[in-house]
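Notes follow the structure.
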Amino acid sequence: MVLPPPAPGLVVHFSYLWRNQFEQGEETGRKVRPCLIIAVGTRDGDLRAFIVPITHSEPPQGRGVPIPPKVKIHLGLDEQASWIIIDDLNVTIWPGFDLHPIPNRSGSFVYGEVPASLLRQVLTAIKALRPQPKATPRT
């Protein structure tokens, strides 16, 4: 299994920790799910990825971006409606312990990449949020 370098637009299989769960003292995500890397950077010599979750649960208006059916097919996701959540994010040292192989995908950690236009839409929506979401730290 080769771990890919993180890149904005990459969809990975990640144990996502919701902000409200973190604030209640939880330290690990309850569910491993597809998540979108929206940014990458370094801090204190560590490579870090900023990650937002993908869910089937429709978010309140203005809190998510729907994933077009063609993109879901391209990523190999199911046919149910899904959204990229924009008001909750994790930051992790790459690759960290929260990255997991996708079941039935020969040890791959990556679903694929979203189109640049969808990534731009997500980033624009995040920048428009007030207040800006706080990143939940993962180690």
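The values are calculated or read from the model by the stated rules, or taken from the named source; none is laboratory data. Quantities reported herein were computed from a predicted structural model and do not represent experimental measurements. Because the Cβ atoms are built from the backbone with ideal geometry, glycine has one as well, and the counts that use them run over all protein chains shown.
Quick look at the values:
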quantity: Residues (buried (at least 20 other Cβ atoms within 10 Å of the Cβ) and of a type outside the set (A, V, I, L, M, F, W, C)) located in segment 73-95; calculated: S82, D88, N90, T92
quantity: Boolean, S106 is at pLDDT below 95, over 17 Å from P6 (Cβ atoms) and out of contact with any Cys (no Cβ under 8 Å at 6 or more places or on another chain); calculated: yes
quantity: Selection from segment 97-126 of residues that are farther than 22 Å from G64 by Cβ and surrounded by fewer than 16 Cβ atoms within 10 Å (Cβ to Cβ); calculated: F97, H100, P101, P103, N104, R105, S106, G107
quantity: Selection count, segment 42-72, where residues are free of Cβ contacts under 8 Å to residues at least 24 places away in the same chain, exposed (fewer than 12 other Cβ atoms within 10 Å of the Cβ) and either polar (S, T, N, Q) or assigned to a strand (DSSP E or B) (or both); calculated: 3
quantity: Long-range neighbours under 7 Å by Cβ, at least six apart or interchain, first residue outside any strand (DSSP E or B) within segment 91-113, second of a type in the set (A, V, I, L, M, F, W, C) and surrounded by fewer than 16 Cβ atoms within 10 Å (Cβ to Cβ); calculated: W94/L47; P95/L3; P101/M1; G107/M1; F109/L3
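Conditions (1) touching a Gly at 6+ places or on another chain (Cβ under 8 Å); (2) over 26 Å from S117 (Cα atoms); (3) not hydrophobic (A, V, I, L, M, F, W, C), marked per residue:
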{"residue": "R33", "(1), (2), (3)": "no, no, yes"}
{"residue": "F50", "(1), (2), (3)": "yes, no, no"}
{"residue": "S57", "(1), (2), (3)": "no, no, yes"}
{"residue": "Q61", "(1), (2), (3)": "no, no, yes"}
{"residue": "V71", "(1), (2), (3)": "no, no, no"}
